[in-house]
Amino acid sequence: MQVTSSDLFKVFGRIGLLSFGGPAAQISLMQTELVDKRGWLSDKQFLQALSFCMLLPGPEAMQLATYAGWRLRGLSGGLLAGLLFIGPGALLILALGFGYAYYGDLPLVQAAFLGIKATVVIIVFQALLRLGKRTLTGHLPRALAGIAFIAIFAFNIPFPLIIAAAAVLGCIWMSTPLDEAADVAPVSVSPASTIKTTLIWGAIWAAPVVGLWLSGSTLLFDLAIFFSTLAVVTFGGAYAVLAYMTQEIVYGFEWLSTAQMIDALGLAETTPGPLILVTEFAAFLTGYLQGGPWLGIAAALVTLWVTFTPCFLWIFVAAPYVDAISTRPRLKGALNAISACVVGVILSLAVWFTLSVLFDAPKDIWGIALADISIINAALIVVAGILLLGFRLPLLASLAFMAIIAGCVPAVL
């Protein structure tokens, strides 16, 4: 079936504008548009592509869109689909960043954000429960999750080291038999072509980073290096990497506070596109606080570049190998181990965010006392839990309700 660029623009433009609700909702929307409605991909092709994208670092929904565009119209189709998927959300995040920077200190706005923070706590626990139910299916995955939680929460071991260790252990102990070897299609690309693609996209990724280093722009260079690192280790989705990201931004670089990071996640939840766009908000706010709006815009653009350029690199280099990669037992074992560790990392994020809301973001969590708990904050978390888990309200409606409820609290008191 011949798919035109105009067709791709209309369909992926629609997907980009409507892709609220996280990767599960985004993947479901793509399946409806690409498989069910138009038949551009078969069920098997779509599921193989999804399994392949889950093996890669970065946002799997964005990479799935890029792969689908590549499969339909080659390089230009992949670029168009990927950019349309992240474009609307990136523009909204920048607009929300300006609003937060200019009006975030107003008492009413701060009160509303308290409701959003309480909702974010429940959102992260929801993600934890969904992933844990799907991932922790045996004693070894549960043990890996517990070890990962202790490693990052109690000992501050960097997330990349946890991921690397999990991948090695998974290759050794969690590989599964290769049941579909007979169905694996031969790879239809030469090694020379793969090397060429890797070098081109590696250079595209690195060029602005080298330029920032040569220009002596310390903050932008530090942002580029940090978020480039995140792009390589972002297995398991944005929630997993947020623990490491918060750890480094708040206590390593001291760019933002924990409260600001929770606000960033809350705002990112209200926009279409991948949740990893939270990196754009964090970078914008960092630049704004250190040098005003223009530095904020530059920081946001740099971060978008080093966050999403690697996604195109992974797809364009590995897409020709998708049929072979998706059935490799050692890669599946590595992914299973990483997924188990991601559950522990998300648990650390959930606990940290909960403590930050309950105790007004204490820096030393071991020195806090139960008497220091904010009763209002605790009540808001309970209300958010009732809305999301009890009444199962849609995410955007829950965020709006909680912002209104929290905004009314100062007036009542």
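The values are calculated or read from the model by the stated rules, or taken from the named source; none is laboratory data. As the structure is a prediction and not an experimental result, all values here were calculated from the model. As a convention, Cβ positions derive from the backbone with ideal geometry for all residues, glycine included, and neighbour counts pool all protein chains shown. All accessible areas refer to the heavy atoms of the entire protein, side chains included, with ligands and DNA or RNA removed. Shrake-Rupley method; radii C 1.70, N 1.55, O 1.52, S 1.80 Å.
Note down the Stokes-Einstein diffusion coefficient of the stretch 272-363 in µm²/s, whole number, using a Kirkwood radius over alpha carbon pairs, 25 °C, and 0.890 mPa s. Don't jump to the answer; show the numbers that get you there.
On the way: Rh = 16.6 Å.
Translational D for this selection: 148 µm²/s.
Starting from the residue with the highest accessible area, list Y67, Y239, Y251 in decreasing order, probe 1.4 Å. Could the numbers behind the result be given before it?
Working: Y67 5, Y239 35, Y251 80 Å².
Result, largest first: Y251, Y239, Y67.
Each semi-axis of the equivalent ellipsoid for the stretch 232-300 is √(5λ) with λ an eigenvalue of the Cα gyration tensor; in descending order they amount to 19, 14, 11 Å.
With all protein chains in place and ligands, DNA and RNA left out, the 1.4 Å accessible area ranks D7, D43 as D43, D7, largest first. Solvent-accessible surface of the chain, averaged per residue with a 1.4 angstrom probe and all protein chains in place: 44 square angstrom.
What percent does the relative contact order of the chain come to when contacts are Cα pairs within less than 8 Å and at least six residues apart? If you can, show how the numbers build up before the last one.
Numbers: 577 pairs, mean separation 125.1, N = 413.
Relative CO of the chain lands at 30 percent.
In the elastic network of the chain, a GNM with C-alpha springs shorter than 10 Å, the most mobile of P59, P191, P158 is P191. Surface composition of the chain: carbon and sulfur make up 68 percent of the accessible area, probe 1.4 Å. The helix-based estimate of mean residue ellipticity at 222 nm for the chain, built from -39,500 (n - 2.57) per DSSP H run of four or more residues and divided by its residue count, is -24500 deg cm²/dmol to the nearest 500. Sorted from greatest to least, the principal axis extents spanned by the alpha carbons of the stretch 14-108 come out as 53, 27, 25 Å. Model label points for I172 and A95, set 7 angstrom from Cα along the Cα-to-Cβ axis, are 5.2 nm apart. Taking a ≥ b ≥ c as the square roots of the eigenvalues of the alpha-carbon gyration tensor, the chain is classed prolate because a/c is 1.5 or more and a/b outweighs b/c. Cβ-Cβ distance of E254 and S76, R₀ of 45 Å, FRET efficiency by 1/(1 + (r/R0)^6): the value works out to about 0.60. Residues whose amide H comes within less than 5 Å of that of I157, counting only those at least five positions distant or on another chain, are I152 (H built at 1.01 Å from N in the peptide plane).
Using 0.36 nm per residue, how much length does the chain from A378 to L161 gain when fully extended, once their Cα-Cα distance is taken away?
Details: separation 217, 0.36 × 217 = 78.12 nm, distance 3.40 nm.
Stretched fully, the A378-L161 segment lengthens by 74.7 nm.
Here the 3J(HN,Hα) profile of the stretch 62-68, calculated from phi with Karplus coefficients 6.51, -1.76 and 1.60 at θ = phi - 60°, is 5, 6, 5, 4, 5, 4, 4 Hz, Gly and Pro shown as x. Ranked from largest, the principal axis spans of the Cα set of the stretch 63-138 equal 51, 43, 10 Å.
Rounded, prolate or oblate: which fits the stretch 202-251 when a ≥ b ≥ c are the square roots of the eigenvalues of the alpha-carbon gyration tensor, with rounded for a/c under 1.5 and prolate only if a/b beats b/c? Since a/c reaches 1.5 but b/c is at least a/b, the shape of the stretch 202-251 is classed as oblate.
I need the calculated FRET efficiency for the pair D43 and L17, taking r as the beta carbon distance and R₀ as 30 Å, to the nearest 0.05. Before the final figure, lay out the partial values.
Working: r = 25 Å, r/R0 = 0.84.
E between D43 and L17, to the nearest 0.05, is 0.75.
Of the residues R134, R14, the one with the largest accessible area comes first in the ranking R134, R14, computed with a 1.4 Å probe on protein heavy atoms.
Full extension of the chain between L106 and I386 gives 98.0 nm of extra length, using 0.36 nm per residue less the Cα-Cα distance.
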